[in-house]
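The values are calculated or read from the model by the stated rules, or taken from the named source; none is laboratory data. Nothing here was measured: the structure is a model prediction, and the numbers come from that model. Here the Cβ is made from the backbone with ideal geometry for all residues, glycine too, and neighbour counts use every protein chain on show.
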Amino acid sequence: MLPTAGALGCLAGITASIGGVVEGWRLIDKAYPLPDMNEELIYSEKSKLPLKIWIFVAGMSVSIYLAIWAPLGVAPAAIMTLLFFVGFVSVLKKMQTRVAISKDYLYANNAKIEVKFIKKVTPLDKAAYRQLNGVSADPAAFLATNFWSNTGVKIELNDKNDPTPYWLISTKRPNEIAEKLN
């Protein structure tokens with residue numbers, strides 16, 4: 001089965017100003033196929049932005065403010081800094097990895113696969129994750145990773161119709177995902 005994009009379970013709800021749908025207790029980004037709201041999740045995770053990225057964004061904001069404030073003044077500097085900050089944080093939020101497991105499906109960012117097509121799940125420590133996300137990567141593999149994660153899972157597939165050999169998903173809890181899917 002090929003990874004599918006779409007927005008399952010997002011037909012009902014209120015469209016939020018940031019392009020998502022408010023459904024029950026969670027805000028759902030339309031770009032991500034999530035389980036039907038009646039389907040119970042066995043596991044759910046959304047990666048969090050680390051402190052070092054927030055410090056970088058703050059430093060960039062101060063730098064932009066000072067670069068614009070010197071020649072143009074306070075108002076243009078404040079407006080441009082706010083626009084930069086909102087834009088940069090929006091991009092970073094889109095880069096976060098989302099993983100959900102239901103009884104029948106595994107969801108990772110904009111893809112889903114039936115659990116029956118998963119052959120083996122291997123939790124990866126820092127060294128193994130870096131190796132598989134770098135020099136040992138298979139170009140045909142599906143990646144749901146971000147640059148700030150150090151651990152993940154390798155999910156080998158057993159689907160004759162899908163040329164994807166494995167999925168590599170970054171996660172803070174690789175052992176828990178492996179336990180739920182094996």
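With respect to the numbered conditions (1) at pLDDT 55 or above; (2) exposed (fewer than 11 other Cβ atoms within 10 Å of the Cβ); (3) closer than 30 Å to Thr164 by Cα, which one is the sole condition not fulfilled by Leu11?
The number of the failed condition is (1).
Being more than 12 Å from the chain's Cα centre (by Cα), assigned to a loop (DSSP other than H, G, I, E, B) and hydrophobic (A, V, I, L, M, F, W, C) is the filter here, so list the residues in segment 86-104 that pass it.
none
Evaluate segment 165-174: report whether one residue or more is of a type in the set (A, V, I, L, M) and part of a helix (DSSP H, G or I).
The answer is no; no qualifying residue exists.
Name the residues in segment 155-164 that are part of a loop (DSSP other than H, G, I, E, B) and buried (at least 16 other Cβ atoms within 10 Å of the Cβ), would you?
Correct list: Thr164 only.
How about segment 105-154: which of its residues are touching a helix residue (DSSP H, G or I) at 6+ places or on another chain (Cβ under 6 Å) and not in a strand (DSSP E or B)?
Asn150, Thr151
Being at pLDDT below 90 and on the phi < 0 side of the Ramachandran plot is true for just one of Lys160, Lys126. Which residue is that?
Lys160
For residues that are among the β-branched types (Val, Ile, Thr) and either outside the structural domain of Asn175 (by TED's automatic domain parsing) or buried (at least 21 other Cβ atoms within 10 Å of the Cβ) (or both), tally how many sit in segment 105-120.
Total meeting the criteria: 1.
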